[in-house]
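K.L.:
Have a look at the structure that comes next, please.
The values are calculated or read from the model by the stated rules, or taken from the named source; none is laboratory data. Keep in mind that this is a model prediction, so the values were computed, not measured. When we count neighbours, we look across all protein chains shown, and the Cβ atoms used for this are built from the backbone with ideal geometry, even at glycine. The area values use the complete protein model at the heavy-atom level, side chains included, leaving out ligands, DNA and RNA. Shrake-Rupley method; radii C 1.70, N 1.55, O 1.52, S 1.80 Å.
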Amino acid sequence: MTIEKNYDLSKLNTFGIKANAKYFVELKTEADLVELFGLQEFKDNKKIFLGGGSNILFAKDFDGIVIVNKLKGINVLEEDNENVLVRAMGGECWQDFVDFTVERGYWGIENLALIPGTVGASPIQNIGAYGTELKDSLFNVEAFPIEGGEKKVFSLEECELGYRDSVFKNKLKGKYFIAAVTLKLSKKEKKNLSYKILAEYLEQNKIEVKSPKDISNAVALIRKSKLPDPKVLGNAGSFFKNVFIDQDKLDKLQENYKDIPFFKEEGTIKIPAGWLIEQCGWKGKRVGRVGVHDKQALVLVNHGGATGEEIMNLANEIIASVKDKFDLVLSPEVNIV
Ligand code: EPU
């Protein structure tokens with residue numbers, strides 16, 4: 001394991017933003033982890049654990065140590081007639097995990113196909129798409145305390161997963177390194193077609209769902225049609241979270257915007273932030289080297305050579321205009337450092 005100094009992070013974040021880290025290290029084994037925890041550079045500096053860099057914005061250079069998780073391996077732990085426990089190491093690419101499960105006909109994460117990033121990052125924000133969240137399949141998370149000490153196994157409850165949220169983003173922020181994630185998947189058909197856009201897509205294309213792969217293929221195609229490929233256009237997926245409001249606020253909004261889309265979910269009402277941003281005239285707009293994606297207004301893009309500060313300025317302008325027009329406050333979904 002080698003520690004590099006003044007390391008260029010532009011290839012390690014899907015926004016493609018140029019920023020330098022004071023120190024940089026890649027972890028390939030659990031032994032590397034133990035070694036790292038003992039190093040002075042690690043103890044004395046601010047730390048960021050990076051997966052695929054698909055949900056992060058470096059607003060400036062990082063005056064600390066960036067640690068990239070490269071721990072690999074996916075295997076079946078145990079199974080019975082109905083369920084199977086599948087464990088993946090944190091450095092695995094999330095899509096490889098999805099492929100492993102759908103190829104074997106296991107149901108649970110097929111709606112989460114093509115989400116960029118790594119397995120280790122998935123519980124931190126409880127990744128979600130097309131009506132499914134990690135929460136629906138998570139069994140446990142294995143993580144090491146960065147202050148040193150034994151590995152801890154977090155049960156589903158202990159992860160405190162919520163909408164794009166977990167204990168690792170709150171009271172345990174920066175305190176644990178996620179080494180592995182185990183899912184409980186179903187061998188029996190368990191399809192989730194609750195997301196309207198997905199159900200409509202299957203119907204329009206006359207796709208009969210017989211296996212989880214039928215769903216993951218469809219989800220992949222929908223995502224490709226809406227979300228820009230970071231290899232072509234720098235981005236970090238949804239830049240903002242959707243907004244949750246109560247009935248009173250919805251009534252007020254409907255007085256002025258009778259076509260406002262909303263989704264009633266578990267006692268609250270979700271307003272798609274993409275719609276709010278589009279209504280403010282931002283969709284497809286370009287401001288210098290940054291802009292708003294033309295097919296999904298929640299996604300901010302780097303047209304090439306942008307700085308993190310330019311993305312932040314755009315984000316702040318969008319927040320201000322949504323506040324002004326709807327009296328709603330958008331909050332970022334990406335981690336800003
Ligand atoms: N909409 C617009 N204009 C837009 C975008 C969206 O009006 O430019 C409205 C439409 O009413 C549409 C609705 O928003 O029907 C929902 O759009 P979409 O299905 O694209 O989903 P989203 O709510 O905008 C969320 C996630 C995505 C995830 C999709 C699909 C968040 C912050 N984003 O977006 O996740 O892929 O649902 O499930 O929850 C990510 O987290 O990086 C991400 C891409």
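K.L.:
Roughly speaking, what is the stretch gain from N316 to V232, that is 0.36 nm per residue apart minus the C-alpha to C-alpha distance, in nm to one decimal?
P.N.:
Fully extending the segment from N316 to V232 adds 27.8 nm.
K.L.:
Taking 7 Å along the Cα-to-C-beta vector as the label spot, tell me the D32-D99 distance in nanometres, rounded to one decimal.
P.N.:
Using points 7 Å along Cα→Cβ, the separation is 2.1 nm.
K.L.:
Restricting attention to the alpha-carbon atoms of region 1-155, what are Rg (one decimal) and Dmax (integer), both in Å?
P.N.:
16.6, 52
K.L.:
So for the chain, averaging the separation of alpha carbon pairs under 8 Å that are six or more residues apart and normalising by length, what relative contact order in percent results?
P.N.:
17 percent
K.L.:
Taking 2.2 N^0.38 Å as the expected size of a compact globular protein, what ratio does the Cα radius of gyration of region 74-226 give against it, to two decimals?
P.N.:
For region 74-226, the normalised Cα radius of gyration is 1.05.
K.L.:
Once a ≥ b ≥ c are taken as the square roots of the eigenvalues of the Cα gyration tensor of the chain, is the result rounded (a/c under 1.5), prolate (a/b larger than b/c) or oblate (a/b not larger than b/c)?
P.N.:
Judged from the Cα gyration tensor, the chain comes out oblate (a/c at least 1.5, b/c at or above a/b).
K.L.:
What is the gain in length, in nm to one decimal, between I207 and D327 on full extension, counting 0.36 nm per residue of separation less the C-alpha to C-alpha distance?
P.N.:
39.1 nm
K.L.:
Rolling a 1.4 angstrom probe over the protein heavy atoms, how many square angstrom per residue are accessible across region 74-226?
P.N.:
On a per-residue basis, 47 Å².
K.L.:
Give me the percent relative contact order of region 74-226, please, defined on Cα pairs under 8 angstrom at least 6 residues apart.
P.N.:
29 percent
K.L.:
Same structure again: Let me have the relative contact order for region 4-69, percent, based on Cα pairs under 8 Å that are six or more residues apart.
P.N.:
Worked out over region 4-69, it gives 41 percent.
K.L.:
Which one of P228, P116, P145 has the biggest mean-square fluctuation once the chain is modelled by GNM with Cα springs under 10 Å?
P.N.:
Comparing P228, P116, P145 in the GNM, the peak value goes to P145.
K.L.:
While we're looking at this one, here's another question. What is the distance, in nm, between label points placed 7 Å from the Cα along the Cα-to-Cβ direction at S194 and at D8?
P.N.:
With each label placed 7 Å out from Cα toward Cβ, I get 4.6 nm.
K.L.:
Considering only region 4-69, what is the antiparallel percent among its DSSP beta bridges, to the nearest 5?
P.N.:
Expressed as a percentage, antiparallel bridges in region 4-69 total about 25.
K.L.:
Contour minus end-to-end for L77 and K187, with contour as 0.36 nm per residue of separation and end-to-end as the Cα-Cα distance?
P.N.:
38.2 nm
K.L.:
Summing +1 for each Lys or Arg and -1 for each Asp or Glu, what net charge is found among the other residues whose Cβ lies under 12 Å from the Cβ of Q296?
P.N.:
Overall, the nearby charge balance is +3.
K.L.:
Take the residue pairs K11/K72; K60/K231; K135/K187; K258/K285 and return only those whose Cα atoms are more than 23 Å apart.
P.N.:
K258/K285
K.L.:
When the chain is modelled as a GNM with alpha-carbon springs shorter than 10 Å, which of G38, G64, G291 fluctuates the most?
P.N.:
In the Gaussian network model the winner is G38.
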